[in-house]
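Throughout, read-outs are computed from the coordinates displayed, never taken from laboratory work. Remember, predicted model here, so these are calculated numbers, not experimental data. We place every Cβ from the backbone using ideal geometry, glycine too, and count neighbours over all the protein chains shown.
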Amino acid sequence: MLSSSLVKLSGVDIAVIAVYFAIVIFIGFYLKGSSNTSEEFFMAGREMTAWIAGLSFVSANLGSLELMGWAGSAYQYGILATHWYWIGAIPAMLFLGIVMMPFYYISKVNSVPGYLHLRFGDGTRAISAISFAFMTVLMSGINMYAMAIVMKVVLGWNLNFSIWISSITVAIYVALGGLRSAIYNEVLQFLLIWLGALLVPIMGIIEVGGWSNLKAQIAVRLGSTDYTHLWSTTGHFRDNPMGIHWTGLVFGLGLVTSFGYWTTDFLVVQRVLSANNLRSARMAPIIGAAFKMMVPFIVILPGLIALSALPFHLVGEAQAVASGQHSYNEVLPLMLVRYCGPGLLGLGVTALIAGFMSGMAGNVSAFATVWTYDIYGAFLNKKASDRHYVSMGRWCTFIGVLISVGTAYLVQHAASIMDYVQGLFSFFIAPLFGTVILGMLWKRATKAGGFWGLLAGTGTAIGLWSWVRHDPSALRYVALSPDAKALAEDMYRALWSWLACVIVTVVVSLMTKPRPEAELEGLVYGATKIPEERDDHWYQKPIVWAALIAVVFIALNIIFW
């Protein structure tokens, strides 16, 4: 069961980890009694405040996948990895809160496929539900693998043992308490992640002597200043470590992938739908955006410090497995061992475990909801009792975990976790965003247009991926340059699949008969009266806080240009 480890945990470290596991299981048992109806189990009774929903919203995304994957990507690509937290998140999160949440919330849907059912019918719902369910188990598997890597590097645990012991824990507390249990644990995990993960960047930046010294040390070690600039090196594919052009970042990431993920991925949208009123639902993504802007300081910065501080060079996952070297994905555990002694190491490891729990629980609870509401309840058993659907949700939580265990082993063949994830997003998230945004903003979009557009977009992404795998020279056409690298290819593939979805949806819609405007009430802008929010003071308005966050976002991009 055990292999060589970098460190031996003290009794204090073991106690910290054991207490954490006990707390998350206790929360599941404690909340079981308040998760008896489908509304309680799948939507947390729609009782969450803006702060709880907002912290859960960002925490569900801040799993071990984020902590380890982007720390590794920062080591591999430099500060360019920050784009996935800033331009790849903030505008989309603000757009969700200001523009899209009124439609999700007032329609009282239980999922994004549920909204597509109301807007475009069963065909579009089926495609989105099946593709989303498939993606969630793959993403859950990635979180499992990331956690197993932590246990292997730090504690010497066998990968198989780590995957099973952690996944069983998540399955228990999500199956017991449903979304409410997942949300409360995610808030706890958010706090633990910040407490534990802050240790590495604080101690690391002290060791290297500040940000200016860090930039100088990286430039000397790598012979390049490209690793510490956000935008200035993206004028050509050859000028930056990621092999990406600014158009790929702005349109492929900023417009398509990020908006697709933050506004249509039910993993995160489900948390916002649990809010207790419309204002809370709109504020939750805005609160989440404020915290999201700070995440690079606990995720990206450790990867940059590792470029200067680690005495050896890391390699891709597949190469590491073959050669026995450390991989990009092991950056954060290695830095944790470097800086944390007894007690602090236990807190740091607990933070990574909490990240795993958060990411996996988010995917599993979303899978259970979409399977029960949008596949099983919509097509297989439409007339079952509410109690039956809750029972189905509990059982498919365990089934989803078992499937995820199988998918965890697929990640070993990827050079880095985040390359693998961005490829998945281009298949499932990018075309879905095209369908949802046209459905919300364009009254003329028809049932046939939504169905064929989503199908065309998904097919385009899969086709382009297969083309490059079969013929690597096709990269020059997909990513607009033979110098592009994996993440650049993912961004352009997402852009083309989104464009295919939009074009086909528009063309087919113009050729088919639209629904009467009266049937679009609550579903489309221009056909819906948005409820007025009664805020006593100007500083309570969501638009005010969204504008403030937008200003800070622009300032950060200029500072790190």
| note | Taking r as the C-beta separation of M294 and A15 and R0 as 45 Å, the FRET efficiency to the nearest 0.05 is 0.95
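Mind checking the full-extension length gain between L191 and L222? Use 0.36 nm per residue of separation minus the Cα-Cα distance, one decimal, nm. Show your work: numbers first, answer last.
On the way: separation 31, 0.36 × 31 = 11.16 nm, distance 3.51 nm.
The L191-L222 span can extend by a further 7.7 nm.
Which length gain, in nm to one decimal place, applies between F379 and A547 when the Cα-Cα distance is subtracted from 0.36 nm times their residue separation? Write out the running numbers ahead of the final one.
Details: separation 168, 0.36 × 168 = 60.48 nm, distance 4.26 nm.
Roughly 56.2 nm would be gained on extension.
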| remark: Final fewest-first order of D265, D239 on the 10 Å Cβ neighbour count is D239, D265
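Would you mind getting me the FRET efficiency between R387 and K108? Use the beta-carbon distance for r and R0 = 22 Å, nearest 0.05. Could the numbers behind the result be given before it?
Details: r = 21 Å, r/R0 = 0.94.
Approximately 0.60, to the nearest 0.05.
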| task | Whole Å is fine, so just give me how far the alpha carbon centre of the range 422-493 lies from that of the range 53-121. | result | 18 Å
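Between their Cα atoms, which of K383/K541; K383/K443; K108/K541; K292/K541; K292/K382 are more than 30 Å away from each other?
Values: K383/K541 42 Å; K383/K443 32 Å; K108/K541 22 Å; K292/K541 20 Å; K292/K382 39 Å.
In this structure, K383/K541; K383/K443; K292/K382 lie more than 30 Å apart at Cα.
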| Once whole DSSP H runs in the chain are found, which of them have Cα atoms spread over 24 Å or more along the helix axis and a mean Kyte-Doolittle score of at least -0.5? | 11-31, 122-150, 159-197, 278-294, 344-370, 386-408, 417-441, 447-470, 486-511, 542-559
| Using 0.36 nm per residue, how much length does the chain from N36 to W561 gain when fully extended, once their Cα-Cα distance is taken away? | 183.9 nm
| request: State, to one decimal in nm, how far the label point of V99 lies from the label point of F29, with both points 7 Å from Cα in the Cβ direction. | output: 4.8 nm
| Ranking of I437, I183 by count of other Cβ atoms within 10 Å, fewest first | I437, I183
| request: Would you mind getting me the FRET efficiency between N158 and I554? Use the beta-carbon distance for r and R0 = 60 Å, nearest 0.05. | output: 0.80
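Convex hull over the alpha-carbon atoms of the range 135-275: what's its volume per residue in Å³?
So the per-residue Cα hull volume is 177 Å³.
Arrange H83, H229, H245, H236 by Cβ neighbour counts within 10 Å, fewest through most, would you?
Details: H83 28, H229 17, H245 25, H236 13.
In increasing order of surrounding Cβ atoms, one gets H236, H229, H245, H83.
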| What is the distance in Å between the Cα centres of the range 125-195 and the range 252-292? | 20 Å
| field | Cβ-placed point charges (K, R +1; D, E -1), dipole of the chain about Cα centre in debye, nearest 20 | value | 680 debye
| request: Quick one: P(r) of the chain from all Cα-Cα pairs, 10 Å bins, percents rounded to integers, in order of increasing distance. | output: 4, 18, 30, 28, 15, 4, 0
| task | Per DSSP H run of at least 4 residues, take -39500 (n - 2.57); add these up for the chain, divide by its residues and hand me the 222 nm value, nearest 500 deg cm²/dmol. | result | -22000 deg cm²/dmol
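Net charge near I106, counting Lys/Arg +1 and Asp/Glu -1 over other residues with Cβ under 10 Å of its Cβ? If you can, show how the numbers build up before the last one.
On the way: positive: K108, K529; negative: E521.
With Lys, Arg at +1 and Asp, Glu at -1, the neighbours total +1.
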| query | So for the pair W467, W246, with labels modelled 7 Å out along Cα→Cβ, what separation do we get in nm? | reply | 2.7 nm
